[in-house]
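The values are calculated or read from the model by the stated rules, or taken from the named source; none is laboratory data. The shown structure was predicted, so the numbers you read here are calculated from the model rather than taken from an experiment. Glycine gets a Cβ as well: all are built from the backbone with ideal geometry, and neighbour counts include every protein chain shown. Surface areas here come from the heavy atoms of the whole protein model, side chains and all, with no ligands, DNA or RNA. Shrake-Rupley method; radii C 1.70, N 1.55, O 1.52, S 1.80 Å.
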Amino acid sequence: MSFFFIVFIITIVLNVWTIVNSFFLYPLSANRKLGETPSVSLLVPLRNEADNVEGLIHSLRALTYPDVEVILLDDHSEDGTFEKLNEQVRDDGRFTIIQGKELPEDWNGKVHACHQLSQAANGEYYLFLDADARVAPGIIQQTLAMMQEKKASMLSGFPNYPNANFLSHMLVPLQHMVVLLHLPLFVANRTTKPMFTAACGIFIMIDRKAYEAIGGHGSVKSSLVEDVHIAREVKKHGYKMILANITESVLSYMYDSGKETWEGFKKNVYTGIGRSAGMVVFLTIFYAVVFLTPAAIAIVGLVTGDYALVLPYLLTVAFKMYVDARTGHPLWLSFLLPVAVVLLIAIMVASMFVHKRGEKYQWKGRYYQ
């Protein structure tokens, strides 16, 4: 069996698996019937988010859910975030602004902010939202209806990312690809097995009873990937957690610059794979075989005029194009998948070496081990 044929078969399997797996990533829908209408506390931590305040508040003002309180926590911002918040919400009684306490030594900054927000909340459900997120007016109804239908205590999802720089275009939408490629959603969305879990801290809705049962954010206080760890705790305690396709109702302006993109991914990616050097090696080899080899074969085919050799690369393009079409991202990104994969491998290695050298990860003026 020729090497080309093996690569060709791998790329076909890649496409078939992704399409089948995607059927179990449930989409939010305005047509899904909502039964009970429990009270909801929408909780947003903000640290140096002055540029996001106006867009965030404009989005939240448009919410149509009848029983929602919005609590905004300013986490020692130095860019006028607190003042902008007061200016934007002063005439709307649904909004409450609180100022964060000093960060304890053994807590992650965002985790501590979310912990304080939960202590101030009164709702039967908590919706944790990042400051760079924008949501559709009916997002709460859609989310609760999905949770009621699937009998889930927690729902999370990865939003659509309207990226503003090349590095973000390359790396940020890969989150959707990684989920559809690596996570068997039939198992993840139908069982309480903690190892089959993914979550995105930009958008998390959770039943207050389940949240309190796991110990809230206090149970993951030092985590750099608290979203995934909270999801695992929910499943460990026997509650159902589901991952949904929220891209039509939630978007996130995640990173403003290439530098911020690099630092954000470097902070999270090695921790996200369990701080395992072996996993870095495995994923590097896996991605090189599955995504980079077809691109290399395609170059050979173009140079030699044997255009059949381009087919495996085009199948990887089809794979990425399907993911991007499902999640609302530009389809031209699929042709640059080899570039994105090289950058992902580079940032995995860079993130690993920060840990191996005993250095600290930096994010928004704070340092984490």
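Figures for the structure shown
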{"read-out": "Top-ranked residue in region 181-203 [being open to solvent by 10 Å² or more (accessible area, probe 1.4 Å), within 16 Å of the chain's Cα centre (by Cα) and hydrophobic (A, V, I, L, M, F, W, C); ranked as farthest from L43 (Cα to Cα)]", "value": "L181"}
{"read-out": "Flag if A295 is open to solvent by less than 30 Å² (accessible area, probe 1.4 Å), free of Cβ contacts under 8 Å to residues at least 60 places away in the same chain, assigned to a helix (DSSP H, G or I) and not hydroxyl-bearing (S, T, Y)", "value": "yes"}
{"read-out": "Cβ pairs under 6 Å, 6+ apart, first in region 164-177 and under 11 Å from A340 (Cα atoms), second of a type in the set (D, E) and in a helix (DSSP H, G or I)", "value": "none"}
{"read-out": "Wholly enclosed helices (runs of 4 or more DSSP H) of region 185-277 bearing at least 2 residues in contact with a helix residue (DSSP H, G or I) (Cβ under 6 Å, 6 or more places away or on another chain)", "value": "226-236, 258-272"}
{"read-out": "Count - residues of region 57-79 that are part of a loop (DSSP other than H, G, I, E, B) and either of a type in the set (D, E) or surrounded by fewer than 14 Cβ atoms within 10 Å (Cβ to Cβ) (or both)", "value": "7"}
{"read-out": "Unique match (being assigned to a helix (DSSP H, G or I) and either among the hydroxyl-bearing types (S, T, Y) or buried (at least 17 other Cβ atoms within 10 Å of the Cβ) (or both)) among Y287, Y367", "value": "Y287"}
{"read-out": "Which numbered condition L42 misses (of (1) modelled with pLDDT under 95; (2) crowded, with 20+ Cβ neighbours inside 10 Å)", "value": "(1)"}
{"read-out": "Members of region 25-39 found to be open to solvent by less than 40 Å² (accessible area, probe 1.4 Å) and not in a loop (DSSP other than H, G, I, E, B), listed by number", "value": "Y26"}
{"read-out": "Residue ID - modelled with the lowest pLDDT, chosen from residues in region 80-92 that are outside any helix (DSSP H, G or I) and open to solvent by less than 80 Å² (accessible area, probe 1.4 Å)", "value": "D92"}
{"read-out": "For R326: the one exception among (1) under 24 Å from E263 (Cβ atoms); (2) open to solvent by 30 Å² or more (accessible area, probe 1.4 Å)", "value": "(1)"}
{"read-out": "Y270 buried (at least 20 other Cβ atoms within 10 Å of the Cβ), closer than 30 Å to S153 by Cβ, in contact with a His (Cβ under 7 Å, 6 or more places away or on another chain) and among the hydroxyl-bearing types (S, T, Y)", "value": "yes"}
{"read-out": "Flag if P162 is open to solvent by 10 Å² or more (accessible area, probe 1.4 Å), modelled with pLDDT under 95 and at negative phi", "value": "yes"}
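Residues checked against (1) polar (S, T, N, Q); (2) part of a loop (DSSP other than H, G, I, E, B); (3) farther than 21 Å from E49 by Cα:
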site: Q142; (1), (2), (3): yes, no, yes
site: Q148; (1), (2), (3): yes, no, yes
site: A164; (1), (2), (3): no, yes, no
site: S168; (1), (2), (3): yes, no, no
